[in-house]
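Here the structure comes first, spelled out in structure tokens, and everything after it is commentary.
The values are calculated or read from the model by the stated rules, or taken from the named source; none is laboratory data. Owing to the predicted nature of the structure, the values given are computational and were not obtained by experimental measurement. Cβ coordinates were reconstructed from backbone atoms using ideal geometry, including for glycine residues, and neighbour counts include every protein chain displayed. Note: accessible area is taken over every heavy atom of the protein model, side chains too, but ligands, DNA and RNA are not part of it. Shrake-Rupley method; radii C 1.70, N 1.55, O 1.52, S 1.80 Å.
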Amino acid sequence: MIAPEPPVPVPTRFVPPPGTAPIVQLRGIAKYFPGVIANEDVDLDVMPGEIHALLGENGAGKSTLMNILTGIYQPDAGEIVIDGYPQSFASPVEAIAAGIGMVHQHFKLVKAFTVAENIHLGWSDTPRAVSAAVLERRTAELAQALNLTVDPAARIGELSTGEQQRVEILRVLTRKARVLILDEPTAVLTPAEAHELFRALKDFVARGNAVIFISHKLDEVLEISDRVTVLRGGRKVATEQTAGCTETSLARLMVGREIVLSDMRGRSAGAAPIGAPVMTLEDIRADDGQGHVVLDGLSLVLRAGEILGIAGVAGNGQKELTQVITGMRQAASGRILVDGADFSRAGAAEFADFGVGHIPEDRLHSGLAPSLSITDNAVLREYDRPPLSGGFGFNGRAATALAKDIAEAASVTVPDFGMPVRNLSGGNQQRLVARREMRIASRVLVAAYPSRGLDVGAINMMMRYLVELRDKGVAVLFISEELEELLNLSDRIAVMFHGRVMGVVDTAEADIDTIGLMMGGKRLTDDAKGRGH
Amino acid sequence: MAYRIQRIPSAPPSVALAARGLAIVLALVTAGIVLAALGFNPLALGWQVLRTTFGSSYGLEDVGLLVIPLIFTGLAVAVGQKIGAQNIGAEGQFYAGAFAATGVALFVPGPMAVILPLMFVAGAIGGAIWILIPTLARAYADVNELITTLLLNFVATLLVYWVATGPWLDPSGRALATTARLPHEVPEFWGIVHWGLPVAVVVVLLVGALFAFTRWGYEVRIAGSNPQAARYAGMPFRRHLIMVMLLSGAIAGLAGMFEVAGTVHRLQGGISNNFGYLGIMVAVLARASPIGVLPAAALMAIILNSGIVLQTQGITVSTVLAITGLILFYTAIGDELARYRIVRA
């Protein structure tokens, strides 16, 4: 067992003299992608000596905003002001020259090189002709000056993730960065490593620098930051002094309260009632193939004519859950019962034959063949049955006819069905996949983030699709990060955290604050309302 | 007025075709400039090439003979690409097919009507066996087939050298480095052009139909475009990969079989004439489309034949190879540039 960590020693705080300009100021930043508002009218100011947390769900626009600040994207509107002077960065190189550096979630290090070599790679300060010893000595000096412990001679591939992250931070800081942006830095760290990181960050800002800390974990935002800015749907919701916040208040800001979409839980007269269990998952465990447990004893029941919502921050096992219940991934242990039959060892084809449709999270990369025609993609689920195929053949004309039907049902205008599907916009791809899957989803539909990347009108249409299936008696598993969507649509909501179900609540009795807390890793206690499982 | 360059996901067919034509013209212009610098008159040479190739039935027959192995090897590489496998080993499979067909011809007695089809089958099996190990290594251990198929080329080349100069050397003593003349040969139907040509065209059409009009072909296309999507739809990716790679090897083996049984009539070292490697270029020009292999192989055959004509005019074979390389080079650039357009900012 690791001994309890001593509290982070707080170095002397840096207090900027009155009248100091913010080190970074963003004014009215907007960024649009085709069919998507990534950022709109976002203001942000970061003072010297401050750790500023940027909080929001996945897709809230945090990464886009930081990519604009570091010159990876150009804003469509608004301006970037550094130390009181407007700037525009055409590339990350220009941003780092102005003192703004970012440590990405996926490290950009050369694994076969040593720490010293990585630090000096692509750096104008690197001496032209040097020996390994000189590089290592320089690295050791830099590391000591910046108070980050690294072994300059170690190869990156041999280091732990936490150590690699320290090398990344060192690399940014040696370029004289005054603003360090960290994108979900603790996602890859053990608690002890996170603790060490926090100490290094406090050191860094105590020297008059600033940190922008992107996260969706409430507890660490409260622990590390001085102020917190919350983004939702690409817009800024609030900037608060962290001292005045609680997990509950932050959760509420992050997931939002206002209900924009209408409640769709009501059933029409002819709709199928909630029926018997169609699919039952019992104590499912799975790993990601690299030894990390991604599903950790998960149990769920899907009932006919019911929408079961899955809430939770992305990356807590949702993707693996969709793979396990569509036969794309075998669980390491546990049972999957489908209509009472054991499907634990069944493959994707057997699940599809049973009537399981699947709108995957990453449609272009797992649900479509981007370079093939719209027709080929539209018929992916029905190519093996009449009229397309009687066994051996493949009837291209019937395929085009089916593709036309699907495109029409999805209200997608297709000029040419022979055109590669990647030429369609993301929203149209999504609608096409959704309609394709609905056709085979006679018993179960698994919909992972079906509204991601869609505008409000298209989201409404997608929600109506799910309701349509529910009313036909199909069991719908609906995974989303938008709590309001989940509340509008689901009959029950299960909250996932670290591959487990934290609790299942009836939507009618659901309390948004409780769900927010479960998303942050708090288990549903007995006194909470709507205990369902 | 500001303009900027925009990348589009895929080029419209007309633009892509125009870029192809431009690439060939540019390659020829570049070659012409080089020839002029070497002291030749490029226009006169060009006329000479055209007249020799198209002006007589001999020229056309030469092209017809060259196109046969190019169709097979080009198709072999294109078939592999359908499922995302890079078969760089058509050269080795060519040798293996020629070797197996020769073995049947030399050592299995029987009437031609039996032995020729048997040689056909042996050629295909020989090519398939030669790609078997790379195929299994890729399918079960994810070993890059690019390296394994390439390395096996050298093994096959040397193996054929050895049998042709050793165990299978012509016992009559008249030939120093080849086997005896095969007792059976693919009959000719037009001058020196043998029935390998119509067979090659039929094989292309069959393979094209296999990919376009069968359920299996559809699954292979999906798996080649995105293995993830194949897994998602429950298709057996590994089984398809194995079958497609073996098919690719078998087709390359047929190239060797027809070359030895229809054109050369003896197995000898160097019989492949780089047809296996040229097949890669044919497949690139065809954009991995089976039907596209036909015009691409024809173009390549014309270039090769022009090279022979140029050599008679005192131009080295390296210059000819440089021209083929230039065409590939400009085509690659053209294919990429066709995906850009200029828009008003």
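Accessible area of the protein assembly as shown with a 1.4 Å probe: how many percent of it is carbon plus sulfur? List each step's numbers first, then the result.
Working: 22600 of 37740 Å².
The C+S portion of the solvent-accessible surface of the protein assembly as shown is 60 percent.
Test of understanding: in a Gaussian network model of chain B with alpha carbons linked when under 10 Å, which of B:Val220, B:Val264, B:Val186 would top the mean-square fluctuation ranking?
Its mean-square fluctuation being the largest, the pick is B:Val264.
Dividing the convex hull volume of the alpha carbon atoms of segment A:24-255 by its residue count, what do you get in Å³ per residue? Intermediate values should be presented prior to the final figure.
Values: hull volume 28.2 nm³, N = 232.
Per-residue hull volume (Cα only) is 122 Å³.
Among the lysines, which fall within straight-line cross-link reach of A:Lys108, defined as a Cα-Cα distance under 22 Å, with same-chain neighbours fewer than 8 residues apart omitted?
Cα-Cα hits under 22 Å: A:Lys62, A:Lys176.
Placing +1 on the Cβ of each Lys and Arg and -1 on the Cβ of each Asp and Glu in the protein assembly as shown, which of B:Met112, B:Met257, B:Met243 has its Cα farthest towards the positive end of the resulting dipole?
Of the candidates, B:Met112 comes out farthest on the positive side.
Counting only other chains, and only Cβ atoms inside 10 Å, what mean value do you get across the residues of B:218-228? Each step should come with its number before you reach the end.
On the way: counts 12, 4, 0, 6, 8, 1, 3, 10, 10, 2, 9.
Averaged over the peptide's residues, the number is 6.
Any idea what the dipole of the protein assembly as shown comes to, in debye rounded to 20, about its Cα centre with Lys/Arg Cβ at +1 and Asp/Glu Cβ at -1? Show your work: numbers first, answer last.
On the way: 72 positive and 78 negative charges, 353 e Å.
Computed about the Cα centre, the dipole is about 1700 debye.
Specify the residue with the greatest mean-square fluctuation among B:Val108, B:Val49, B:Val63, computed from a Gaussian network of chain B linking alpha-carbon atoms under 10 Å apart.
Comparing B:Val108, B:Val49, B:Val63 in a Gaussian network model of chain B, the most mobile one is B:Val108.
If you count only protein heavy atoms with a 1.4 Å probe, what accessible area per residue comes out for segment B:180-233, rounded to a whole Å²? Kindly include the intermediate steps, with their values, before the conclusion.
Values: 2190 Å² over 54 residues.
On a per-residue basis, 41 Å².
Could you tell me the calculated FRET efficiency between A:Ser91 and B:Leu205, based on Cβ-Cβ distance and R0 = 56 angstrom, to the nearest 0.05?
Numbers: r = 51 Å, r/R0 = 0.92.
It comes to 0.65.
Using +1 at the Cβ of each Lys and Arg and -1 at the Cβ of each Asp and Glu in the protein assembly as shown, identify which of A:Gly340, B:Val143, B:Ile133 lies farthest towards the dipole's positive end.
The one lying farthest along the dipole's positive direction is B:Ile133.
Place +1 on the Cβ of every Lys and Arg and -1 on the Cβ of every Asp and Glu in the protein assembly as shown, take the dipole about the Cα centre, and give the residue among B:Ile192, A:Ile169, A:Asn428 whose Cα lies farthest towards its positive end.
About the Cα centre, the residue reaching furthest to the positive side is B:Ile192.
Compute for chain B: radius of gyration divided by Kirkwood radius, i.e. Rg/Rh, restricted to C-alpha atoms, rounded to two decimals. Present the calculation step by step, with values, prior to reporting the outcome.
On the way: Rg = 21.5 Å, Rh = 21.3 Å.
Radius of gyration over Kirkwood radius for chain B works out to 1.01.
Please list the helices of chain B that count as membrane-span-like by this rule: a mean Kyte-Doolittle hydropathy of at least 0.0 together with Cα atoms stretching 24 Å or more along the helix axis, each helix being a complete DSSP H run.
Helix filter hits for chain B: B:13-37, B:57-82, B:90-107, B:112-141, B:145-165, B:196-213, B:237-258, B:293-312, B:317-337.
Which values of log₁₀ I(q)/I(0), to two decimal places, follow from the Debye formula for segment A:87-158 at q = 0.17, 0.20, 0.21, 0.23 Å⁻¹ with a uniform point scatterer at every Cα?
So the normalised log intensities work out to -0.74, -0.98, -1.05, -1.18.
Using a 1.4 angstrom probe and counting only protein chains, how large is the accessible area of B:Thr157 in Å², to 10?
30 Å²
Just to be sure I understand: if you take the accessible area of chain A alone plus chain B alone and subtract the pair, with a 1.4 Å probe, what total do you get in Å², rounded to 100? The partial results should precede the final answer.
Values: alone 23390 and 16540 Å², together 37740 Å².
Counting both chains, the buried surface is close to 2200 Å².
With the other protein chains left in place, how much accessible area per residue, in square angstrom, belongs to chain A at a 1.4 angstrom probe? If you can, show how the numbers build up before the last one.
Values: 22350 Å² over 533 residues.
Normalised by residue count, the accessible surface of chain A is 42 Å².
Given the rule -39500 (n - 2.57) for each run of at least 4 DSSP H residues, summed and divided by the residues of chain B, what is its mean residue ellipticity at 222 nm, to the nearest 500 deg cm²/dmol? Kindly include the intermediate steps, with their values, before the conclusion.
On the way: 13 runs with 242 residues, N = 345.
Result for chain B: -24000 deg cm²/dmol, rounded to the nearest 500.
How crowded by other chains is A:394-402, given as the mean number of beta carbons from other chains within 10 Å of each beta carbon?
Partner-chain Cβ atoms within 10 Å, mean over residues of A:394-402: 2.
If you average 1/r over every pair of different alpha-carbon atoms in segment A:369-440 and take one over that average, what Kirkwood value in Å do you get? It would help to have the intermediate numbers written out before the result.
Details: mean 1/r = 0.0835 Å⁻¹.
Mean inverse Cα-Cα distance, inverted, gives 12.0 Å.
Compare each residue of segment B:230-245 in its chain alone against the assembly with all protein chains, and report those whose accessible area goes down by 10 Å² or more; 1.4 Å probe, heavy atoms.
B:Arg231, B:Tyr232, B:Ala233, B:Gly234, B:Met235
Checking the cross-link filter: which aspartates and glutamates have an alpha carbon closer than 13 Å to that of A:Lys217, excluding same-chain neighbours under 8 positions apart?
Partners within reach: A:Glu57, A:Asp183, A:Glu184, A:Glu247.
Helix-derived [θ] at 222 nm for chain A: sum -39500 (n - 2.57) over DSSP H runs of at least 4, divide by residue count, nearest 500?
Values: 16 runs with 159 residues, N = 533.
Result for chain A: -8500 deg cm²/dmol, rounded to the nearest 500.
In percent, how large is the relative contact order of chain A, given Cα pairs closer than 8 Å and 6 or more residues apart?
Values: 1079 pairs, mean separation 82.1, N = 533.
Once normalised by length, the contact order is 15 percent.
Percent antiparallel among DSSP beta bridges with both residues in the protein assembly as shown, to the nearest 5? Before the final figure, lay out each step's value.
Numbers: 55 of 90 bridges.
Restricted to the protein assembly as shown, the bridges split so that about 60 percent are antiparallel.
When the dipole is taken about the Cα centre of segment B:41-314, and only Lys, Arg (+1) and Asp, Glu (-1) are charged at their Cβ, what size is it in debye, to the nearest 20? Walk me through the numbers on the way to the answer.
Numbers: 12 positive and 10 negative charges, 115 e Å.
So the dipole magnitude of segment B:41-314 works out to roughly 560 debye.
Report, by chain and number, residues whose modeled amide H sits under 5 Å from the one on B:Leu267, excluding near sequence neighbours (fewer than 5 apart, same chain).
Answer set, sorted by chain and number: B:Thr179.
What order do you get for A:349-357, B:137-145, B:177-185 when each peptide is scored by the mean count of other beta carbon atoms within 10 Å, highest first?
Details: A:349-357: 20.0, B:137-145: 14.8, B:177-185: 18.1.
Top of the packing list down: A:349-357, B:177-185, B:137-145.
Over the heavy atoms of A:Glu117, what accessible area does a 1.4 Å probe trace out, to the nearest 10 Å²?
Around 70 Å² of this residue is reachable by solvent.
Once you place label points 7 Å from the Cα toward the Cβ at A:His365 and A:Ala238, how far apart are they in nm?
If labels sit at A:His365 and A:Ala238, their model points lie 3.5 nm apart.
Given a 10 angstrom Cα cut-off, can you work out which residue in B:Gly166, B:Gly39, B:Gly21 is the most mobile in a GNM of chain B?
Its mean-square fluctuation being the largest, the pick is B:Gly39.
Relative contact order for segment A:24-255 using alpha-carbon pairs under 8 Å, separation at least 6, rounded to a whole percent? Intermediate results must be reported in sequence, preceding the final value.
On the way: 435 pairs, mean separation 69.0, N = 232.
Normalised by residue count, the contact order of segment A:24-255 is 30 percent.
In the full protein assembly as shown, how much of A:Ser442 is accessible to a 1.4 Å probe, in Å² to the nearest 10?
Rounded to the nearest 10, the figure is 70 Å².
Between A:Ser333 and A:Tyr32, what is the spin-label point distance in nm, taking each point 7 Å from the Cα along the Cα→C-beta axis?
In this crude spin-label approximation the distance works out to 5.4 nm.
If you put +1 on each Lys and Arg Cβ and -1 on each Asp and Glu Cβ, how big is the dipole of segment A:171-231 around its Cα centre, in Debye rounded to 20? It would help to have the intermediate numbers written out before the result.
On the way: 9 positive and 9 negative charges, 98 e Å.
Once rounded to the nearest 20, the dipole reads 480 debye.
Can you give the three extents of the C-alpha atoms in the protein assembly as shown along their principal axes, from longest to shortest, in whole Å?
100, 75, 61
Go through B:321-330, A:122-131, B:95-104 and give me the packing order, highest mean Cβ count within 10 Å leading.
Sorting B:321-330, A:122-131, B:95-104 by mean packing, highest first, produces B:95-104, B:321-330, A:122-131.
Can you pull the mean other chain C-beta count within 10 Å for peptide A:359-365? Please list the in-between numbers first.
On the way: counts 0, 3, 0, 1, 2, 3, 4.
Rounded to a whole number, the mean comes out at 2.
Over the Cα atoms of segment B:286-345, Rg to Rh with Kirkwood Rh, two decimal places? It would help to have the intermediate numbers written out before the result.
Numbers: Rg = 15.6 Å, Rh = 13.5 Å.
Rg/Rh for segment B:286-345 comes to 1.15.
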